[in-house]
1. For region 193-286, what is the relative contact order in percent, using Cα pairs closer than 8 Å and at least 6 residues apart in sequence?
2. With just the Cα atoms of region 80-178, tell me how far they stretch along each of the three principal axes, in Å, largest first.
3. Could you name the aspartates and glutamates in cross-link range of LYS91, using Cα to Cα under 17 Å and dropping any fewer than eight places away on the same chain?
4. What relative contact order, as a whole-number percentage, does the chain give when Cα pairs under 8 Å and 6 or more residues apart are counted?
5. Divide, for region 200-286, the radius of gyration over alpha carbons by 2.2 N^0.38 Å, where N is the residue count.
6. Out of the trypsin sites (Lys or Arg not before Pro) in region 177-272, which ones are loop residues according to DSSP with at most 13 other C-beta atoms within 10 Å?
7. Counting each DSSP H run of 4 or more residues in the chain as -39500 (n - 2.57), what helix-only mean residue ellipticity at 222 nm follows after dividing by all residues, to the nearest 500 deg cm²/dmol?
8. Restricting everything to alpha-carbon atoms, can you work out Rg to Rh for the chain with a Kirkwood hydrodynamic radius?
Amino acid sequence: MSGRGKHTMAEGLDLGKCFEIINNLTTEAGRLIARNNETRQDFVCKSGDIDLVTQTDQDVEKLIMDGIRQHYPDHKFIGEEESSSGGGVNKLTDAPTWIIDPVDGTMNFVHAFPHSCISVGLKVNKVTEIGIIYNPMLEQRFTARRGQGAYYNGKRIQTSGQKELGKALVTSEFGTSRDEPKMLAVNENFAKIAKQVHGLRVLGSAALNMAMVALGAADANYEMGIHAWDVCAGDLIVREAGGVVIDPAGGEFDIMSRRVLAAATPELAQELAKVLTQFYPQPRDD
Ligand code: IPD
């Protein structure tokens, strides 16, 4: 089981069919990413000199959007590359909306470091129903459907159950901006956290960081500066694996706030939130 078999409905939409469609599209797009990851890639800069986009990011986003439109011409999209190309982030409405990061970990991809992924979530009535995170280089596919558990390559997964920060393996990122106040907060947090945890890892993909929490391989992940497309799928996959996703200050997670904290347990999430220096990225995604 990985979400394929169950045909539940949301607002008349067959979510089992949606899952099949997006699962197949990510497989097709994954072939393109894996092939192009064999060599370093040309890129252009978006918001700054470490916020990059490649032709593959654009081709994959188009492949996935075109593929979904063939079945569902009325569905909405919030895609990383479409949002970055001038129009801004589409408003999240109650309509079925696919939130897509075609290549999460673009910096890794540009350098042929095989740790990036496609990350796609489907929201209906603003509730995430489907999440897929797929690293095609390492054949790591994380999937979830709301209420049906989380899966790694078809096998059910659970978070680690870790409650103590002192025994936690924590992931985070430097992010894609060198904005001075943000770098100050990032560095302050790394300095504080490194002294209090088992280990701190920076692997270059926000979505895969969350997948590692779901898998029970990492115990917590936090980042202030992410976007909705980085975390939409990860949020569902972590929660379906028994973990929690909150705001890094300890409150409710807001997908448009550009802030996330995922953890194996509520105890660990709150302990980490208490330690973190807070940063509120602007503009928000809405
Ligand atoms: C970024 C990566 C990076 C994280 C950023 C993300 P992109 O996504 O996940 O590791 O620090 O916050 O926006 O630009 O590679 O799709």
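1. Numbers: 166 pairs, mean separation 26.1, N = 94.
Relative contact order here is 28 percent.
2. 43, 37, 28
3. Counting by Cα, and skipping residues close in sequence, LYS91 has these aspartates and glutamates nearby: ASP74, GLU80, GLU81, GLU82, ASP101, ASP230, ASP254, ASP285, ASP286.
4. Values: 676 pairs, mean separation 47.3, N = 286.
Rounded, it is 17 percent for the chain.
5. Working it through for region 200-286, the quotient is 0.96.
6. Values: sites: ARG178, LYS182, LYS192, LYS195, ARG201, ARG239, ARG258, ARG259; in loops: ARG178, LYS195, ARG258.
Listed in order of number, the matching sites are ARG178, LYS195.
7. Working: 7 runs with 92 residues, N = 286.
The per-residue figure over the chain is -10000 deg cm²/dmol.
8. 0.94
The values are calculated or read from the model by the stated rules, or taken from the named source; none is laboratory data. In this text, all values refer to a predicted model and were calculated from it rather than measured experimentally. Glycine gets a Cβ as well: all are built from the backbone with ideal geometry, and neighbour counts include every protein chain shown. All accessible areas refer to the heavy atoms of the entire protein, side chains included, with ligands and DNA or RNA removed. Shrake-Rupley method; radii C 1.70, N 1.55, O 1.52, S 1.80 Å.
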